[in-house]
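The numbers here are math on the coordinates, done by the rules we state, and not lab data. In this text the structure is predicted, and so the values were computed from the model without any measurement. Methodologically, a virtual Cβ is constructed for each residue, glycine included, from the backbone with ideal geometry; neighbour enumeration extends over all protein chains shown.
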Amino acid sequence: MKYVIRVVCVLLLVSCGLFMYFYVQDKKETERLKEEEKRLEEIRLENEREVLRSQLLLEAEELFKGYYVDEAISLLEKDNSLINDVIQNKIDEYKEYKDSYVLYEGTVHHIFFHSLILYPEYLFRNINVPTGGYNEGFSYKRELERMLPLLLENGFVLYNIKDIYEKDETGKMVRKDIYLPKGKKPLILSVDDPALTYGVGFADQMIVDEDGNLATKVKTPDGETITTYDGDVELVVNNFIKEHPEFSYKGARGIIATTGWEGFFGHELDTEESKNEAKKVADKLKEEGWLFASHSYTHNRNYYFGPNSNAYNIKSDTSRWKAKMEPIIGKTNIFIAPFGYRLKGAGLQVILDNGFDIYCTVASVSYEELYDDYALMSRIEMGGYAYEKYTKYINNNLFDVSKVRDSYRPPVLSN
Ligand SMILES: [Zn+2]
């Protein structure tokens, strides 16, 4: 009996021991598994954070390139859990860049274009014959394409004219301070008379294509009509900024100076349908950062924008422009004078009374003038005449003309 009890006891002890042994082992294993799970979860979360960080860095860099530096910093600082050394270094880098901004103290340059010449060989058959007209006032597409990288290289960045001149709370016009990264210079660009009624050699129409992109319809010298995406200034500039966002300060593009009498980018504005088409183009251009200006309804020198100007005519011209163009492009406070003509006295007052307080002229050099009720800014026309006659000024202030002016260009006719 005693023997049996002893055996039972031993067996009990052994099984207790075994039980304890397995119990402990099992617990250890569970803990190990939990630890492992935790570790894997941490890795998974960290991987997720890494993906988010790379996305964040890309987004921030896009903002940064377009000079939205504060926005780029806020984006990186938004989620504390994502801030690691890499993110922190980027934040510090952006802050340092922001601290490098300096007050721009020079004159703001303003250059302007007409529609681009797409087929110079078609328009100018003999480049040995001095030629006026398009040759003098217009640039070739390939000239603009050579000019933009040079402007960028020379520190220029497109700037919004409305961020330069603004009325203060008392209604007085002020010139606002321009702060840019050291070495950067603001540039205003405008495009005149975008009617696209020039015929072969130029784009024929601007449209919004079925994918919602701006496009140009172009009649080739062979009589074919093709759709292109670089048929005029706006598209060439947009394309350049897509490649070089640093050429546009906070989304700035240029100003389009519209007349009333000739239609709008190849849309005649005589039917509801053509007005709708024009409005689609205007809306898309605005969405992309383009501003609009009045360039008068008549674009007429005699009795309007010339020495025989009178206020009565300016008044009727202005109301016609408003009636025709405001439904398409909306309101604007920018007046780009036809021929750069500088109205005085009662004629000028009509323009000011109609809400235009940025007045642009044309000159061979850049200047800005500030008055209590308006700002005045000169513009330099980019075309054969300027390339030939203002070479020195352009070389010293804007870009090397010899790298832009096309070799296939007749000499200019006027002196
Ligand atoms: Zn004009």
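A few comments on the model shown:
- By DSSP, the beta bridges lying fully in the chain are antiparallel in about 40 percent of cases.
- Only lysines eight or more places from LYS403 in sequence, or on another chain, were considered; those with a Cα closer than 29 Å are LYS65, LYS141, LYS182, LYS184, LYS185, LYS217, LYS219, LYS242, LYS250, LYS389, LYS392.
- Cα centroid of the range 147-194 to Cα centroid of the range 344-415, whole Å: 15
- Cα pair distances exceeding 33 angstrom across the chain, given as percent: 47
- Taking the range 2-99 and dividing mean pair separation by its residue count, relative contact order in percent (alpha carbons under 8 Å, at least six apart): 18
- Amide H within-cut-off set for GLU166, under 5 Å, with H built and near neighbours excluded: VAL174, LYS176
- Look at the alpha carbon pairs under 8 Å that are at least 6 residues apart: their mean separation over the length of the range 306-415 gives a relative contact order of 19 percent.
- Structural descriptor for the chain: relative contact order 18 percent, calculated from alpha carbon pairs under 8 angstrom and at least 6 residues apart.
- Estimated at 0.36 nm per residue, the fully extended path between THR271 and GLU41 surpasses their Cα-Cα distance by 76.4 nm.
- Placing unit charges on the Cβ atoms of the charged side chains and taking the dipole of the chain about its Cα centre, the candidate lying farthest along the positive direction among LEU413, LEU11, TYR119 is LEU413.
- Highest-MSF residue in the chain out of ASN47, ASN333, ASN302 [GNM, Cα springs under 10 Å]: ASN47
- Selected from LEU56, LEU11, LEU150 as most flexible by GNM, with the chain as the system and alpha-carbon contacts under 10 Å: LEU11
- Each other residue within a Cβ distance under 14 Å of LEU370 adds +1 if Lys or Arg and -1 if Asp or Glu, for a net charge of -4.
- Dipole magnitude (debye, nearest 20) for the range 105-403, charges at Cβ of Lys, Arg, Asp, Glu: 740
- Structure-based [θ]222 nm, the chain - -39500 (n - 2.57) summed over DSSP H runs of at least 4, per residue, nearest 500: -14000 deg cm²/dmol
- Using a Förster distance of 56 Å, the FRET efficiency for LYS2-GLU31 (Cβ separation, nearest 0.05): 0.85
- The distance between label points at TYR21 and LEU58 comes to 5.7 nm (points 7 Å beyond Cα on the Cα→Cβ vector).
- Between the residues THR216, ASN276, ILE188, the greatest Cα displacement towards the positive end of the dipole of the chain, with unit charges on the Cβ of Lys, Arg, Asp and Glu, is found for ILE188.
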